[in-house]
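> Before anything else, here's the structure in question.
The values are calculated or read from the model by the stated rules, or taken from the named source; none is laboratory data. From a predicted model like this one, the values you see are computed outputs, not experimental measurements. For neighbour counting, all protein chains shown are included, and Cβ atoms are generated from backbone atoms with ideal geometry for every residue, glycine included.
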Amino acid sequence: MFFSRKTATMIDKAQALPGRSSAVPTAERHFVNGRALKGPYPDGLERIIFAMGCYWGAERRFWKVPGVWVTAVGNAGGFTPNPTYEEVCSGATGHTESVLVVFDPKQVTLETLLKTFWEAHDPTQGLRQGNDVGSQYRSAIYWSNPAHEAAIRASREAYQKELGKAGFGAITTELAPAGAFYFAEDYHQQYLAKNPHGYCGLGGTGVSCSIGTGIAA
């Protein structure tokens, strides 16, 4: 975002900030749909975490998808427990700005969410997204359900073929099982619903991802 540090390096655990034992205070309910941000979520719902640059615009992409129960912005993939936004912006936590997506697989397929993810940003940029530079802006997918891994990896391979045809380089998206997700501060949650003209640095490649869409049978 507009006051990010320009540090395009990835730290290791020994270099990470210590963080804190208590969670950073955040909103109780989703600003758009009023649902509990941290749950409990209804039985049968699935979770997945996406990172694709500044999380303000990324979250908006997903709360608009029919079948998504709730979204939240936060930090994942790093080392520092319960980081503040300023700490994440320093590049010294190892986290990437992320969006937790809780969805109903009876109403929306994982493939639909993956298609939204791949097409909404440029996954070939490494530790940046457009003008936002730093490890906190890297592309990533973290899955909570082990059964999702195969579909996630297959979607990356499918999109890589399409990107290659269009002259793009290798996808740099990090793929891994989900670890801790640390909810960001209240004012970041659904930021672009509260501030419709706020900053959004997302920019896709213009290349269509040819994986399936629709509702699971």
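> Name the residues in the stretch 147-179 that are part of a loop (DSSP other than H, G, I, E, B), without any contact (Cβ under 8 Å) to a residue 60 or more places away in the chain and among the small types (Gly, Ala, Ser), would you?
Once the filter is applied, which keeps residues that are part of a loop (DSSP other than H, G, I, E, B), without any contact (Cβ under 8 Å) to a residue 60 or more places away in the chain and among the small types (Gly, Ala, Ser), the stretch 147-179 yields Ala166, Gly167, Gly169, Ala170.
> How many of the residues making up the stretch 175-215 are in contact with a strand residue (DSSP E or B) (Cβ under 8 Å, 6 or more places away or on another chain) and over 16 Å from Glu119 (Cα atoms)?
Summing the residues that are in contact with a strand residue (DSSP E or B) (Cβ under 8 Å, 6 or more places away or on another chain) and over 16 Å from Glu119 (Cα atoms) in the stretch 175-215 gives 14.
> Output the qualifying pairs, or none if there are none: Cβ atoms under 6 angstrom, residues six or more apart or on different chains, first residue in the stretch 198-211 and in contact (Cβ under 8 Å) with a residue 40 or more places away in the chain and under 12 Å from Arg60 (Cβ atoms), second residue surrounded by 14 or more Cβ atoms within 10 Å (Cβ to Cβ) and among the β-branched types (Val, Ile, Thr).
Once the first residue is in contact (Cβ under 8 Å) with a residue 40 or more places away in the chain and under 12 Å from Arg60 (Cβ atoms) and sits in the stretch 198-211, no partner that is surrounded by 14 or more Cβ atoms within 10 Å (Cβ to Cβ) and among the β-branched types (Val, Ile, Thr) comes close enough.
> Still on this structure: If you go through the stretch 116-128, how many residues are crowded, with 21+ Cβ neighbours inside 10 Å and assigned to a helix (DSSP H, G or I)?
The qualifying residues number 3.
> Taking the stated definitions as given, is His95 touching a Gly at 6+ places or on another chain (Cβ under 7 Å), buried (at least 24 other Cβ atoms within 10 Å of the Cβ) and farther than 22 Å from Lys161 by Cα?
Judged against the criteria, His95 is a match.
> Residues being crowded, with 18+ Cβ neighbours inside 10 Å, closer than 25 Å to Thr9 by Cα and not aromatic (Phe, Trp, Tyr): count how many of those fall in the stretch 179-195.
So the count comes out to 2.
> Here is a follow-up. Among the residues of the stretch 87-104, how many are of a type outside the set (A, V, I, L, M, F, W, C), part of a loop (DSSP other than H, G, I, E, B) and over 16 Å from Ile49 (Cβ atoms)?
Qualifying residue count, the stretch 87-104: 3.
> Does the stretch 25-44 hold any residues that are of a type in the set (A, V, I, L, M), in a loop (DSSP other than H, G, I, E, B) and surrounded by fewer than 19 Cβ atoms within 10 Å (Cβ to Cβ), and which are they?
Residues satisfying the conditions are Ala27, Val32.
> Same structure, new question: Determine if the stretch 43-55 includes at least one residue that is aromatic (Phe, Trp, Tyr) and more than 24 Å from Gly203 (Cα to Cα).
So far as the stretch 43-55 goes, no, none of its residues is aromatic (Phe, Trp, Tyr) and more than 24 Å from Gly203 (Cα to Cα).
> If the Cβ limit is 9 Å and pairs must be 6+ apart or interchain, which residue in the stretch 58-71 that is among the aromatic types (Phe, Trp, Tyr) pairs with which residue that is in a helix (DSSP H, G or I)?
Close Cβ pairs (under 9 Å, with a partner that is in a helix (DSSP H, G or I)) amount to Phe62/Leu113; Phe62/Thr116; Phe62/Phe117; Trp63/Ala193.
> Does Val65 count as at pLDDT 95 or above, part of a strand (DSSP E or B) and touching a Leu at 6+ places or on another chain (Cβ under 8 Å)? Before the answer, list the steps.
Numbers: at pLDDT 95 or above: yes; part of a strand (DSSP E or B): no; touching a Leu at 6+ places or on another chain (Cβ under 8 Å): yes.
Judged against the criteria, Val65 is not a match.
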